[in-house]
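The values are calculated or read from the model by the stated rules, or taken from the named source; none is laboratory data. Being a predicted model, the structure only gives us computed values, none of them experimental. A quick note on method: Cβ atoms are made from the backbone with ideal geometry, for glycine too, and the neighbour counts reach across all protein chains shown.
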């Protein structure tokens, strides 16, 4: 039996790094010593998804050739894997990590990694997913689209004239600011992403004004 992994340490898949219970990085030496066994540590930054792979299925490898998966291990877990007859395991249910050979680096594709199969989806299922997205967004933003028109009428009661591409570009960014501002209001001034987006769009408008030499 190999050396037991240290207790109280977890591996963050998204950061590709090890951390202690207080969130402190474990350093380069620890990373070099344990990275090949990162799959044995408790995982963070992992989202489990429905596997596109099936036992008995034959799949292409990134580097060419095909393998047939003959067994699966730990279904329903973030370390759910399937193995071929040569004993090589691949992750089959990790979002962003599907088909990767266990114990291999996340940022250096292994030629034995599997090509993720494309799962056909019907138009009806796509529409159902869109409805789910609408319901989720609506929980956060409410019927925000109903408010934007009233805000624009208050700001521009006489309408606005857009005569060239630059004017349309600025209007587009300005309108996005209003959308994000009303979303922020609907969130009872708590949705930080909307504020961040407003700052970005404002900087883009200012850059457009500076580019045209129209700063006042």
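Looking at 56, 76, 87, 23, just one residue is assigned by TED's automatic domain parsing to the domain that holds residue 112, free of Cβ contacts under 8 Å to residues at least 12 places away in the same chain, in a loop (DSSP other than H, G, I, E, B) and out of contact with any helix residue (DSSP H, G or I) (no Cβ under 7 Å at 6 or more places or on another chain), and that residue is 87. Checked across the stretch 154-162, the condition of being part of a helix (DSSP H, G or I) and either surrounded by 11 or more Cβ atoms within 10 Å (Cβ to Cβ) or out of contact with any helix residue (DSSP H, G or I) (no Cβ under 9 Å at 6 or more places or on another chain) (or both) holds for at least one residue. The set of residues in the stretch 1-17 that are surrounded by 15 or more Cβ atoms within 10 Å (Cβ to Cβ) and out of contact with any helix residue (DSSP H, G or I) (no Cβ under 6 Å at 6 or more places or on another chain) comprises 9, 10, 12, 13, 17.
Scanning the stretch 26-47 for residues that are without any contact (Cβ under 8 Å) to a residue 60 or more places away in the chain, exposed (fewer than 15 other Cβ atoms within 10 Å of the Cβ) and not in a loop (DSSP other than H, G, I, E, B) yields 27, 28, 29, 32, 33, 44.
Would you pick out the residues in the stretch 187-203 that are surrounded by fewer than 17 Cβ atoms within 10 Å (Cβ to Cβ) and not in a loop (DSSP other than H, G, I, E, B)? Of everything in the stretch 187-203, those that are surrounded by fewer than 17 Cβ atoms within 10 Å (Cβ to Cβ) and not in a loop (DSSP other than H, G, I, E, B) turn out to be 192, 193, 195, 196, 199, 200, 202, 203.
When you check residue 86 against the structure, is it loosely packed, with under 12 Cβ neighbours inside 10 Å and more than 30 Å from residue 17 (Cα to Cα), yes or no? For residue 86, the condition - loosely packed, with under 12 Cβ neighbours inside 10 Å and more than 30 Å from residue 17 (Cα to Cα) - is not met.
For the stretch 96-134, the set of residues classified as closer than 26 Å to residue 18 by Cβ, surrounded by fewer than 12 Cβ atoms within 10 Å (Cβ to Cβ) and free of Cβ contacts under 8 Å to residues at least 24 places away in the same chain consists of 108 only.
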